[in-house]
Amino acid sequence: MASLTLYPQDERLAGRERTVFNLYLVTALVLVVVLMLVGLTMRLSQATWVALPKNTFFQFLSLHGAGMVGTAVMVTTAGMWFFLRKYVRLHTWAFVTNYVLFMLGVVCILVGIYQGYAALWTYLYPLPVSGMGIWSPASAAWFMIGYLLIGVGQLIFYFDAAAGVIAKHGNLGRAMGWPWLFGGTVDPEHPKTVVAGTSMIIANSLGILAGAVSLVMSLVNLLYPDIKIDPLFTKSLIYWFGHMYINASIYMGVIVIYELLSRYSGKPYPLSRVFLWGWAATTILVLIVFPHHLLMDFAMPHWILVVGQVASWSSGFPVLLVTAWGALTNVYRSNMRWSMPPRWMLLALFGWITGGFAAVLDSTIRVNLVMHNTQWVPGHFHTYLLLGVLAMVLALMYHWIGARRNAPPANSLLDRIGFFVYLIGGLIFVYGFLDGGRRGVARRMAEHWPEWVVTDQIASVGAVLVVLAMTYFALRILAGMFGGSPPESSRVPNLADPAG
Amino acid sequence: MAVQGIVWVIWLTGMALIALAFVWIVVQAGKPADDGTRDRTVRRGHALQKWFFGLLLAAFVVGSWATLRHFPIPPQGTASESAQTVDVVGRMWSWELSTSTLEAGSEVEFRVTSADVNHGFAIYSPDGHIQTQAQAMPEYTNRVVHTFSEPGTYTIQCLEYCGIGHEPMKTTFEVVAAAGG
């Protein structure tokens, strides 16, 4: 069971580990702010308030999509590493290698986009090789090689983590508590982080391998255009990888809530059989849910499309019944003293649930017939990424700067104002998308039909607020990480202690 | 009410309920509880969790039955039984239809494919709402079946990003009142 001590000794970092962890966080902060500005520019362009050349728009869209997803996984991987290393042996070299390969991948992606690549994160065959003079096969190859490098780095991290988990628990099934699914006494000390982390080691490794196959096939097609590949099979692999990858950011990010929430509420948050069932189900569901991206490919065997709908609906059970229920009952009547980390964690749960609910609705085949590839789609994933995953990450970062100074968690007036601006801006921003989906506004268009522009203008106002708030948080956290010098010794607050 | 309107109401209602639950939890979180109260709330929480599970399961079963019992996608690879058929080919960046005038009130089958990259074949009604859609994928033909209830000018808009000419990739067709209708 996670400790109720706010800043336990076994979480302290020093030397190279601290440097690398800080590198992950700083890189994430910089990338998020820059990529938010890229996203804001696109929204302002759709709102007709800024003039953006059409191809630049699609280059920006490629950058924003690939960049935000990559950053989300990179920084939640850092969160998983930060907590998992307390329970199993992780090698720093693997953590470093992941970072280095991620950065090399970013460079390759930037080179590809600078050369004109604008076939989006999906690299949907055969679009990368069909640039019609706007982008070259070489630029597409740079982009895909960047993906491969990032994927290899992530796999190295996962394989090292898998080795550590197996060394400690014997096998991955025992790490996930499967022997306790049907009976026996659940060990309440078994770490939730190990369960969730192992789930993602299994599921996201398989997803990345599927992505690697699609990337290699696409690269072969770029080099030898006469070698054709099946478009439906390739699309299936791409969405298996893509959906799994972004889902992994949530499921790795939620480790932050498992580890930290009880420290701020002061109430134990023990492991339960329901929790283990939830994660066993999640491991399977995240692997088979991707056909909901292919509901409009009628050539797919229809039973696979039914699996897409049923698995999507089922995915809501573990989120609602296990994580959200467990977390909300944990804070209920806890005499919580609100500060930034728990505030972010509650927002993260809200964003995850509401964004997930919108996703479940769209995964219904009958609904997808009229909402597929509308703004409803970015509406749902911006809800759970902006208000969910990023909120989890900010909870970790605010906690981390508190831990550095061994001080009570941040809760200044500016922080609270920033949080409020971020929340309101985020809600307005996602409303613009979701209302657009209701009206049939197409996603991935540089210029919208005139009657659609009002939704872009609403979203742009929200996006400005979000960017302002996030810029403040980034500066605030960077100052907290590097400003001044941490006190040599000060009282470590223990929120479990009423005298705290 | 169109499907989009129903989804919007369901989502807004769900979001409002979730928001209310969170506000209530946040208010309650600020209150202290002694050990006895905590034990009672844990027991009540477990009981409520079971009811919540039952509620979700019921919604899952009823919802799946309601949305899948008449499978919304027509069988593929079978002979057409529709009164009207249209061959549709998408290519960068235009649509080619074998006919541009259809009759309201009787079933239309669109046989949708692509000559180059993936496109999205979406039909917008005269008032700008999506009626139905399917992917237009090279090497595959997707069979879309739809009955138009109202005459008017309908728009086909590409909904799958296909390069710089994606958004201008649209065309229109006319739906006229059925002869003698």
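The values are calculated or read from the model by the stated rules, or taken from the named source; none is laboratory data. Only a predicted model underlies this, so the values are computations on that prediction, with no experimental measurement involved. Backbone-built Cβ (ideal geometry, glycine too); neighbour counts: all protein chains shown.
Scan segment A:10-17 and tell me whether some residue there is crowded, with 22+ Cβ neighbours inside 10 Å and closer than 30 Å to A:Arg273 by Cβ. Walk me through how you get there before you give the answer.
Quick first cut of segment A:10-17, residues crowded, with 22+ Cβ neighbours inside 10 Å only: none.
No.
Taking the stated definitions as given, is B:Ala29 in contact (Cβ under 8 Å) with a residue 60 or more places away in the chain and either surrounded by fewer than 12 Cβ atoms within 10 Å (Cβ to Cβ) or among the hydrophobic types (A, V, I, L, M, F, W, C) (or both)? Outline the logic, then answer.
On the way: in contact (Cβ under 8 Å) with a residue 60 or more places away in the chain: no; either surrounded by fewer than 12 Cβ atoms within 10 Å (Cβ to Cβ) or among the hydrophobic types (A, V, I, L, M, F, W, C) (or both): yes.
So B:Ala29 does not fit the description; no.
Please determine, by comparing only the residues of segment B:113-142 that are more than 7 Å from every other protein chain (Cβ to nearest Cβ) and among the β-branched types (Val, Ile, Thr), which one is surrounded by the most Cβ atoms within 10 Å (Cβ to Cβ).
B:Ile123
Would you tally the residues in segment A:163-198 being part of a helix (DSSP H, G or I) and in contact (Cβ under 8 Å) with a residue 24 or more places away in the chain? Working first, answer last.
Pass one, segment A:163-198, residues part of a helix (DSSP H, G or I): A:163-169, A:172-175, A:178-180, A:192-198.
Still in the running and in contact (Cβ under 8 Å) with a residue 24 or more places away in the chain: A:164-165, A:167-169, A:172, A:178, A:180, A:192-198.
Here the count works out to 15.
Could you tell me whether any residue of segment A:279-287 is within 12 Å of chain B (Cβ to nearest Cβ) and either surrounded by fewer than 21 Cβ atoms within 10 Å (Cβ to Cβ) or at positive phi (or both)?
The initial filter retains those residues of segment A:279-287 that are within 12 Å of chain B (Cβ to nearest Cβ), namely none.
Looking through segment A:279-287, none of the residues is within 12 Å of chain B (Cβ to nearest Cβ) and either surrounded by fewer than 21 Cβ atoms within 10 Å (Cβ to Cβ) or at positive phi (or both).
Of all residues in segment A:344-353, which are out of contact with any Gly (no Cβ under 9 Å at 6 or more places or on another chain) and facing another protein chain (nearest Cβ under 9 Å)? Outline the logic, then answer.
Initial filter on segment A:344-353 (out of contact with any Gly (no Cβ under 9 Å at 6 or more places or on another chain)): A:344-346.
Result: A:Leu346, single match.
Just to be sure before I move on: is A:His372 in contact (Cβ under 8 Å) with a residue 40 or more places away in the chain, under 23 Å from the mean Cα position of the chain (by Cα), within 25 Å of B:Tyr124 (Cβ to Cβ) and surrounded by 24 or more Cβ atoms within 10 Å (Cβ to Cβ) in the structure I sent? Spell out how you get there, then give the answer.
Working: in contact (Cβ under 8 Å) with a residue 40 or more places away in the chain: yes; under 23 Å from the mean Cα position of the chain (by Cα): yes; within 25 Å of B:Tyr124 (Cβ to Cβ): yes; surrounded by 24 or more Cβ atoms within 10 Å (Cβ to Cβ): yes.
For A:His372, the condition - in contact (Cβ under 8 Å) with a residue 40 or more places away in the chain, under 23 Å from the mean Cα position of the chain (by Cα), within 25 Å of B:Tyr124 (Cβ to Cβ) and surrounded by 24 or more Cβ atoms within 10 Å (Cβ to Cβ) - is met.
Among what's in segment A:429-470 and is of a type in the set (Lys, Arg) and assigned to a helix (DSSP H, G or I), pick the residue that is farthest from the other protein chains (Cβ to nearest Cβ).
Here is the first cut: in segment A:429-470, the ones of a type in the set (Lys, Arg) are A:438-439, A:443-444.
If we keep only those that are assigned to a helix (DSSP H, G or I) too, we end up with A:438-439.
Details: A:Arg438: 5, A:Arg439: 7 Å.
Looking at the filtered set, the residue picked out is A:Arg439.
Quick check on segment B:150-180: of everything there that is more than 14 Å from every other protein chain (Cβ to nearest Cβ) and over 22 Å from B:Asp127 (Cα atoms), which residue is modelled with the lowest pLDDT?
B:Gly180
Yes or no: A:Ser314 modelled with pLDDT of 95 or more, touching a helix residue (DSSP H, G or I) at 6+ places or on another chain (Cβ under 8 Å) and closer than 23 Å to B:Leu17 by Cα? Even if it seems obvious, please write down each step before you answer.
Working: modelled with pLDDT of 95 or more: yes; touching a helix residue (DSSP H, G or I) at 6+ places or on another chain (Cβ under 8 Å): yes; closer than 23 Å to B:Leu17 by Cα: yes.
It is true that A:Ser314 is modelled with pLDDT of 95 or more, touching a helix residue (DSSP H, G or I) at 6+ places or on another chain (Cβ under 8 Å) and closer than 23 Å to B:Leu17 by Cα.
Among A:Gly426, A:Gly402, A:Gly418, A:Gly356, which is surrounded by 24 or more Cβ atoms within 10 Å (Cβ to Cβ) and either within 13 Å of chain B (Cβ to nearest Cβ) or of a type in the set (Gly, Ala, Ser) (or both)? Explain how you work it out, then say what you get.
Details: A:Gly402 fails: surrounded by 24 or more Cβ atoms within 10 Å (Cβ to Cβ); A:Gly418 fails: surrounded by 24 or more Cβ atoms within 10 Å (Cβ to Cβ); A:Gly356 fails: surrounded by 24 or more Cβ atoms within 10 Å (Cβ to Cβ).
Checking each option against the conditions leaves just A:Gly426.
Going by the conditions given, is A:Phe350 aromatic (Phe, Trp, Tyr) and over 14 Å from the mean Cα position of the chain (by Cα)?
Details: aromatic (Phe, Trp, Tyr): yes; over 14 Å from the mean Cα position of the chain (by Cα): yes.
Taking the combined requirement at face value, the residue satisfies it.
Looking only at segment B:130-165, count how many residues are aliphatic (A, V, I, L, M) and assigned to a loop (DSSP other than H, G, I, E, B).
If we filter segment B:130-165 for residues that are aliphatic (A, V, I, L, M), which is where we start, we get B:130, B:134, B:136-137, B:144-145, B:156, B:159, B:164.
So of that shortlist, the ones also assigned to a loop (DSSP other than H, G, I, E, B) come out as B:137, B:159, B:164.
The qualifying residues number 3.
With (1) free of Cβ contacts under 8 Å to residues at least 24 places away in the same chain; (2) facing chain A (nearest Cβ under 7 Å) as the list, and B:Gln4 as the residue in question, which single condition is left unmet?
(1)
Hey, can you tell me all the residues within segment A:39-72 that are among the polar types (S, T, N, Q) and part of a helix (DSSP H, G or I)? Quick ask: steps written out before the conclusion?
Applying the first criterion (among the polar types (S, T, N, Q)) to segment A:39-72 yields A:41, A:45-46, A:48, A:55-56, A:59, A:62, A:71.
The answer is A:Thr41, A:Ser45, A:Gln46, A:Asn55, A:Thr56, A:Gln59, A:Ser62, A:Thr71.
Pick out the one residue from B:Trp11, B:Trp95, B:Trp24, B:Trp51 that is more than 30 Å from B:Glu139 (Cβ to Cβ), more than 10 Å from every other protein chain (Cβ to nearest Cβ) and aromatic (Phe, Trp, Tyr). Please lay out each step first, then the result.
Working: B:Trp11 fails: more than 10 Å from every other protein chain (Cβ to nearest Cβ); B:Trp95 fails: more than 30 Å from B:Glu139 (Cβ to Cβ); B:Trp24 fails: more than 10 Å from every other protein chain (Cβ to nearest Cβ).
The unique qualifying residue is B:Trp51.
Residues are listed down the side, and each one gets a yes or a no for (1) closer than 21 Å to A:Leu385 by Cα; (2) touching a residue at least 60 places away in the same chain (Cβ under 8 Å); (3) surrounded by fewer than 20 Cβ atoms within 10 Å (Cβ to Cβ):
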{"site": "A:Thr19", "(1), (2), (3)": "no, no, yes"}
{"site": "A:Val33", "(1), (2), (3)": "yes, yes, yes"}
{"site": "A:Ala47", "(1), (2), (3)": "no, yes, no"}
{"site": "A:Leu52", "(1), (2), (3)": "no, yes, yes"}
{"site": "A:Asn55", "(1), (2), (3)": "no, yes, yes"}
{"site": "A:Leu90", "(1), (2), (3)": "no, yes, no"}
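Could you check segment A:94-129 and list, in sequence order, the residues that are within 12 Å of another protein chain (Cβ to nearest Cβ) and within 22 Å of A:His64 (Cβ to Cβ)?
Residues of segment A:94-129 that are within 12 Å of another protein chain (Cβ to nearest Cβ), as a first pass: A:116-129.
Passing the criteria: A:Gly116, A:Tyr117, A:Ala118, A:Ala119, A:Leu120, A:Trp121, A:Thr122, A:Tyr123, A:Leu124, A:Tyr125, A:Leu127, A:Pro128.
Could you check segment B:93-112 and list, in sequence order, the residues that are buried (at least 18 other Cβ atoms within 10 Å of the Cβ) and under 15 Å from B:Gln157 (Cβ atoms)?
B:Trp93, B:Trp95, B:Phe110, B:Val112
Go through (1) out of contact with any Phe, Trp or Tyr (no Cβ under 6 Å at 6 or more places or on another chain); (2) within 20 Å of A:Trp279 (Cα to Cα); (3) within 8 Å of another protein chain (Cβ to nearest Cβ); (4) at pLDDT 95 or above and name the single condition A:Val367 misses.
With respect to (1) out of contact with any Phe, Trp or Tyr (no Cβ under 6 Å at 6 or more places or on another chain); (2) within 20 Å of A:Trp279 (Cα to Cα); (3) within 8 Å of another protein chain (Cβ to nearest Cβ); (4) at pLDDT 95 or above, A:Val367 is out only on (2).
What single numbered condition from (1) assigned to a helix (DSSP H, G or I); (2) more than 30 Å from A:Pro179 (Cα to Cα); (3) within 12 Å of chain B (Cβ to nearest Cβ) fails to hold for A:Ala299?
It is condition (1) that A:Ala299 fails.
Output the number of residues of segment A:121-149 satisfying the condition of being part of a loop (DSSP other than H, G, I, E, B), out of contact with any Phe, Trp or Tyr (no Cβ under 6 Å at 6 or more places or on another chain) and either of a type outside the set (A, V, I, L, M) or touching a residue at least 60 places away in the same chain (Cβ under 8 Å) (or both).
Kept after step one, since they are part of a loop (DSSP other than H, G, I, E, B), are these residues of segment A:121-149: A:121-126, A:130-136.
Going one step further and asking which of them are out of contact with any Phe, Trp or Tyr (no Cβ under 6 Å at 6 or more places or on another chain), we end up with A:121-126, A:130-134, A:136.
Now drop any that are not either of a type outside the set (A, V, I, L, M) or touching a residue at least 60 places away in the same chain (Cβ under 8 Å) (or both), which leaves A:121-126, A:130-131, A:133-134, A:136.
Of the residues in segment A:121-149, 11 are part of a loop (DSSP other than H, G, I, E, B), out of contact with any Phe, Trp or Tyr (no Cβ under 6 Å at 6 or more places or on another chain) and either of a type outside the set (A, V, I, L, M) or touching a residue at least 60 places away in the same chain (Cβ under 8 Å) (or both).
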